[in-house]
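Written below as structure tokens is the structure these notes are about.
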Amino acid sequence: VIQYVNPAFEQLTGYSIDEAVGSTHRILKSNEMSKDHYEELWETITDGEVFEERAINRSKDGDRYILRQTISPVIGSDGEPEAFVAIQFDITEKILRKQRLSVLNRVLRHNLRTSVNVISGNATLLEDRLRERTEGQLPESLAEPLTAIHDRVDHVGSQSETAREIEGIFHDNGTGRNWVEVATVVSSAIETA
């Protein structure tokens, strides 16, 4: 049974203090979390340990939100949990921003690869046609620019792979946090393009 909530809880969930106090945590249940999630949560905190994980809840008006929660037991004089304190942070916008940046990154890389393939194909076609007209021997004045085009196409193509690798690093930084500054992503995209 909920015994206390702060104003941040009211703002996040839409439930007033009067509505929340005396209710159970089930008022926030989204039905998107597995039974195993709740079993692990209750097993952990009733064993006197801290539970920390992402969860999906629903506000009073039915909106879904994603939160990072830490639930700690309050241990009584008998050494057993007598209450629990939950701290929750709404990370919905952060998750959505991450998803949007990931999609943008994939679209940019796809478009870049497509452009590289078009340029490479046309440069090869041009080189083949020039070789036909010059009986297989390209004048140096034409060979050098074509080589430069092929080199730049290879370089730009490798930048797409570098962007993919950077995205992987940002998504697996070992801290469990998935946060990337927008400026970093934009800078990387500009450099790649």
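Every number here is computed from the coordinates shown, using simple stated rules; none is lab data. It should be emphasised that the depicted structure is a prediction, and the values quoted were computed from it without experimental measurement. With ideal geometry, Cβ positions are generated from the backbone for all residues, glycine too; neighbour counts draw on all protein chains shown.
Label-point separation (nm) for Ser102 and Gln69, each offset 7 Å from Cα along Cα-to-Cβ?
2.2 nm
Which whole-number percent gives the relative contact order of the range 81-174, counting Cα pairs below 8 Å spaced six or more residues apart?
The normalised contact order for the range 81-174 reaches 39 percent.
With each run of n ≥ 4 DSSP H residues scored as -39500 (n - 2.57), what mean residue ellipticity at 222 nm is computed for the chain after dividing by its residue count and rounding to the nearest 500 deg cm²/dmol?
My calculation for the chain gives -19000 deg cm²/dmol from helical runs alone.
Sum up the charges of everything whose Cβ sits under 10 Å from the Cβ of Leu28, counting Lys and Arg as +1 and Asp and Glu as -1, but leave Leu28 out.
My count for the surroundings of Leu28 gives +4.
With a cap of 14 neighbouring Cβ atoms within 10 Å, and only residues DSSP puts in a loop, list the GluC sites (Glu not before Pro) found in the range 23-64.
Filter output for the range 23-64: Glu32, Glu49.
Extending each Cα 7 Å along its Cβ direction at Val186 and Leu142, get the distance between those two points in nm, one decimal.
Placing both labels 7 Å along Cα→Cβ, they lie 4.4 nm apart.
Run the dipole for the range 1-60 about the Cα centre, Lys and Arg Cβ at +1, Asp and Glu Cβ at -1, nothing else charged, and hand back the magnitude in debye, nearest 20.
380 debye
About its Cα centre, what dipole magnitude does the chain give when the only charges are +1 on Lys and Arg Cβ and -1 on Asp and Glu Cβ, stated in debye to the nearest 20?
The calculated dipole for the chain is roughly 860 debye.
Going by alpha carbons, how many degrees (0 to 90, nearest 10) lie between the helix axis of 182-192 and the longest principal axis of the chain?
20 degrees
Restricting to lysine pairs 8 or more places apart or on different chains, what number in the chain have Cα atoms under 23 Å apart?
Here the count comes out as 4.
List the pair-distance distribution P(r) of the range 28-145, using every Cα-Cα distance, as the percent of pairs falling in each 5 Å bin from 0 up to the bin containing the longest distance, rounded to whole percents.
Histogramming the range 28-145 at 5 Å steps yields 2, 9, 11, 12, 9, 7, 6, 5, 5, 4, 4, 4, 5, 5, 5, 3, 2, 1, 0, 0 percent.
Work out from phi, with θ = phi - 60° and the Karplus expression 6.51 cos²θ - 1.76 cosθ + 1.60, the ³J(HN,Hα) of each residue of the range 102-107, listed in order in whole Hz, and give x for Gly and Pro.
5, 5, 4, 4, 5, 5
So what are the range 3-86's ellipsoid semi-axes, whole angstrom, largest first, if each one is the square root of 5 times an eigenvalue of the alpha-carbon gyration tensor?
23, 17, 10
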